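Here the structure is laid out as structure tokens; the discussion comes afterwards.
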Amino acid sequence: MYAAIALMREGGVDIERLNSENVSYGFRRNTRALKAIALVILAVAGLANLYLMAAKGALLIGGSIAVLDLLAMGFWIIVVRDRWVTEQAEIYATRFFISADVTATQGRVGSRR
């Protein structure tokens, strides 16, 4: 893998774009992996916030925190899905194979120096 990336760099392939797609895929994959943990943490934080709102009567601050908590939960429930990760994986794979193809057509893949 690292040798292929090195060959692509030599061939003038837009490696920054490839790295950007890789980072985006990694972020989505890792976010999906943490989904269950994040939802548990957000649920506990939301319940603690409700308890403190009732006990202290801090409705303005507690309400603001509740809105942020619900927005975060919405992101994790609605956006973070297997399909979200798969879409980026396909984009990254396509970019990688296009880059590899460009490198191969330049005659650099498999050549020994």
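Add +1 for every Lys or Arg and -1 for every Asp or Glu among the other residues with Cβ under 11 Å from the Cβ of Tyr92, and state the total.
Around Tyr92, the charge tally is +1.
Grab every C-alpha pair in the range 15-105, bin the distances at 10 angstrom width from 0 up to the longest one, and report whole percents.
16, 31, 22, 16, 10, 4, 1
So if I place +1 on the C-beta of Lys and Arg and -1 on the C-beta of Asp and Glu, and nothing else carries charge, what would the dipole magnitude of the range 15-105 be about its Cα centre? I want it in debye, nearest 20.
240 debye
Round to a whole angstrom and tell me the spacing of the C-alpha centers of the range 20-40 and the range 42-83.
That distance is 20 Å.
Tally Lys/Arg at +1 and Asp/Glu at -1 over every other residue whose Cβ is under 14 Å from the Cβ of Ala36; what's the total?
Here the count lands on +2.
A short reminder: the numbers here are calculations on the coordinates, not readings from a lab. Everything numeric here is computed off the predicted structure, so don't read it as measured data. Cβ sites come from the backbone with ideal geometry, for glycine too, and all protein chains shown count toward neighbours.
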